[in-house]
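What follows is a set of notes on a single structure, which appears directly below.
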Amino acid sequence: MTALPSKKLEAWRYTDLAPLSEISFGAVPVAVAPVLPESDLPRLVFLNGVFSEVLSSRLDFAGAFDAVADASAQPLARINAEQARDGVTLTIPDGIDAGTVLLISHASGDAPFAFHLRHRVALGQGASLTIVDIAKGDGVYWHNPVTDITLAAGAKLNHYRLQDESREAFSLATIRAHIEAGAAYEHFTATIGARLSRTEIHASLAGEQATAHLNAAQMLTGEQHGDFTTVIAHKAPNCPSRQTVKSVLSGLSRGVFQGRIEVDRIAQKTDGYQMSQALLLSPHAEMDIKPELRIYADDVKCSHGATIGALDEDQVFYLRSRGIPEAEARSILVRAFLDDALAPVQQEEAKALFEAAIENWWVSQ
Amino acid sequence: MLEIKNLHARIGEKEILKGINLTVPDGEIHAIMGPNGAGKSTLSYVLSGRDGYEVTEGEVIYDGQDILALAPEDRAAAGLFLAFQYPVELPGVGNANFMRTAVNAVRRKRGEAELDAVAFLKLARAAVKNLSMKEDFLKRNVNVGFSGGEKKRNEMLQMALLQPGLAILDETDSGLDIDALKIVAEGVNALRSEKFSALVITHYQRLLDYIVPDMVHVLSGGRIVRSGPASLALELEAHGYAGLEAA
């Protein structure tokens, strides 16, 4: 197996996989049937990394897993290519609006195990799809999914992820999106679970007016470590990209945001913007932010911003003076803080799912 | 009825309030005036329960209950309302949701049934109309991007919805903005009744042209140094506070 990346690599400076390398992962256990979210939406369900025909809907556009070798520079994607046994391929023909599909992973077992799902999503010209990707589980496991996305001209993919894995789990997701002219990739990840997690997104804007919005809300507590790493490559002129990353950190938790914007020589009139804001609810929480701009064109607009702070006590007092109990006042302000990152999620069920997850996180604090 | 008895308070080591005695009977509006640094803002914050102010002596009784022992939210439920001099902006918090949460929190504490979204909106829309506000007020984020006057109107809207028994209006420095003063005055005058009393804290007499108080108290050096009828405010306007500080 390809070696895990070490902290010596610049891309892994803030996320140390040593705790992962110390665990020996055994055979994937037989899955127990989980409690799935109540919903009428079509669903594709994976239990311990294996597709469940029984629990999944039949979808015309869903195809079986197909194995590939991966010469990628990303070590985790290479490991995935070596180990992947299952996954789904979603192919939406030109001009079709395929609605919303739930992509669910549930994992549980008594002894540590690992699984490496491999998904492919291909949208034809002008096609659209919303994926609500939910990952949950119990116990110690390593979930190492790769999702490869290609969006043909004018296609639109909403990709909403709820990473609510077991608090003992490792979750390392790689997402690679190739976005052609006029196509839009809208991404939101809520990072709530896992002992150690990373979402790494590589988005390539390959045609004019291609857009990428990569948003995240990280809500961490205890000794959790959450990393949101993005690379947006502007390879064509006139492409906007936006990133809004909000982190709420309590206990001894640590959040990371690494955001790189690369602007090719030909990518004139690029409009790239990223903002990372962290709310530290404890004096022992830590946030590491590394923005990187690599610009080789001369007529571009690229900027980034970062703030780290505590809840504003004047705001807390204002709410309390109106009769709102302190805990509720703080909860309202935390939810408000996350608002900008969550705003693009418009699909009703997805929105309700994230609202409930945020509420639940806060209550379990 | 509000009774402040021998109230002493400090910030850190610095004593700001040095024994305030004051009674505001139900149905009355009292004004507190005084020079800069007299302790006017401190008094409003101590009454509403803000952190950072330590009460070292005395008590504040409202409707027979010592409110100094209560958290700010419990004071609100008991019927106190602080109109902020500089209302706080809450980005990401919708005005209607905020007010409904507040009204229901207070109703819960008072043992009353909560209002559902429809019932609340009906109430809020009526209050918005009464205060000559635009209806989009309810849809905006709390105070975000509001003009000074709009922020004041929003305070008065909250006051109208929460129906307090006692309003504390901190207008310490805002005496020069006539429009804002008129808005605050309309809000207070609309609530005037035998059950409602108010403490209006101001540096300038001008606010009292619009809210005629039953009594005026002069706060200086952390104590009430003079009390009198509304005409006392005019006297202060004419002669200033200079003569009083020695008293």
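Quick grid of which residues meet (1) assigned to a helix (DSSP H, G or I); (2) closer than 28 Å to B:Glu3 by Cα; (3) touching a strand residue (DSSP E or B) at 6+ places or on another chain (Cβ under 8 Å):
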residue	(1), (2), (3)
B:Glu155	yes, yes, yes
B:Ala160	yes, yes, no
B:Ala167	no, yes, yes
B:Asp179	yes, no, no
* Members of segment A:120-143 found to be over 15 Å from A:Lys156 (Cα atoms), β-branched (Val, Ile, Thr) and within 18 Å of the chain's Cα centre (by Cα), listed by number -> A:Ile134
* Being closer than 21 Å to A:Gly226 by Cα, within 22 Å of the chain's Cα centre (by Cα) and in a loop (DSSP other than H, G, I, E, B) narrows it down to one of A:Asp70, A:Asp16, so name that one. => A:Asp16
* Among the residues of segment B:123-134, is any touching a residue at least 12 places away in the same chain (Cβ under 8 Å), closer than 26 Å to A:Ala327 by Cα and in a helix (DSSP H, G or I)? -> yes
* **Tally, over segment A:320-360, of residues that are more than 14 Å from every other protein chain (Cβ to nearest Cβ) and touching a Lys or Arg at 6+ places or on another chain (Cβ under 8 Å)** => 1
* Structure fact -> Among residues of segment B:128-151 being at pLDDT 90 or above and under 26 Å from B:Asn36 (Cβ atoms), the residue least open to solvent (accessible area, probe 1.4 Å) is B:Asn143
* Structure fact -> Of the candidates B:Lys14, B:Lys5, the one satisfying the condition of being away from every other protein chain (no Cβ under 14 Å), closer than 27 Å to B:Lys195 by Cα, open to solvent by 50 Å² or more (accessible area, probe 1.4 Å) and basic (Lys, Arg) is B:Lys5
* **Residues satisfying the stated conditions in segment B:28-47, i.e. open to solvent by 30 Å² or more (accessible area, probe 1.4 Å) and at pLDDT below 95** => B:Asn36, B:Gly37, B:Ser41, B:Tyr45
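Yes or no, residue by residue, for (1) part of a strand (DSSP E or B); (2) farther than 26 Å from A:Gly95 by Cα:
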position	(1), (2)
A:Arg176	yes, no
A:Ala194	no, yes
A:Arg198	yes, yes
A:His213	yes, no
* Six or more apart or on different chains, Cβ under 6 Å: which pairs go from a residue in segment B:50-66 that's within 14 Å of chain A (Cβ to nearest Cβ) to one that's surrounded by 14 or more Cβ atoms within 10 Å (Cβ to Cβ) and among the small types (Gly, Ala, Ser)? Could you list them? => B:Tyr53/B:Ala9
* So, of the residues in segment A:236-249 that are over 17 Å from the mean Cα position of the chain (by Cα) and surrounded by fewer than 20 Cβ atoms within 10 Å (Cβ to Cβ), which turns out to be farthest from A:Ala310 (Cα to Cα)? -> A:Pro237
* Applying the selection to segment A:42-63, what residues are open to solvent by less than 80 Å² (accessible area, probe 1.4 Å), among the hydrophobic types (A, V, I, L, M, F, W, C) and in a loop (DSSP other than H, G, I, E, B)? -> A:Leu55, A:Leu59, A:Phe61
* **Considering residues of segment B:82-106 that are at the interface with another protein chain (Cβ under 9 Å from one of its Cβ atoms), part of a helix (DSSP H, G or I) and open to solvent by 30 Å² or more (accessible area, probe 1.4 Å) only, the residue farthest from B:Val144 (Cα to Cα)** => B:Thr101
* Which one of these does A:Ile201 not meet: (1) open to solvent by 10 Å² or more (accessible area, probe 1.4 Å); (2) closer than 21 Å to A:Ile79 by Cβ; (3) of a type outside the set (Lys, Arg)? -> (1)
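A:Val300: at pLDDT 95 or above and within 30 Å of B:Lys151 (Cβ to Cβ), yes or no?
No, not satisfied.
Among the candidates A:Glu348, A:Glu326, which residue alone is over 29 Å from B:Pro72 (Cα atoms) and more than 18 Å from the chain's Cα centre (by Cα)?
None of the others qualify; the one that does is A:Glu348.
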* Kindly provide the set of residues from segment B:48-65 that are in contact with a helix residue (DSSP H, G or I) (Cβ under 8 Å, 6 or more places away or on another chain), within 12 Å of B:Ile20 (Cα to Cα) and open to solvent by less than 60 Å² (accessible area, probe 1.4 Å), ordered by number. => B:Val55, B:Val60
* Examine segment B:141-153 for a residue that is touching a residue at least 40 places away in the same chain (Cβ under 8 Å), within 17 Å of the chain's Cα centre (by Cα) and either under 21 Å from B:Lys195 (Cβ atoms) or part of a helix (DSSP H, G or I) (or both), and state whether such a residue exists. => yes
* To do: Would you check if there is a residue in segment B:45-66 being among the hydrophobic types (A, V, I, L, M, F, W, C), under 29 Å from B:Ala180 (Cα atoms) and in a helix (DSSP H, G or I)?
  => yes
* Residues of segment B:67-81 classified as over 15 Å from the mean Cα position of the chain (by Cα) and at the interface with another protein chain (Cβ under 10 Å from one of its Cβ atoms), total -> 2
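The values are calculated or read from the model by the stated rules, or taken from the named source; none is laboratory data. Since the structure is predicted, the reported quantities are computational estimates derived from the model, not experimental observations. Quick reminder, even Gly has a Cβ in these numbers, built from the backbone with ideal geometry, and neighbours come from all protein chains shown. To get the accessible areas, we keep the full protein, side chains included, count just its heavy atoms, and leave off ligands, DNA and RNA. Shrake-Rupley method; radii C 1.70, N 1.55, O 1.52, S 1.80 Å.
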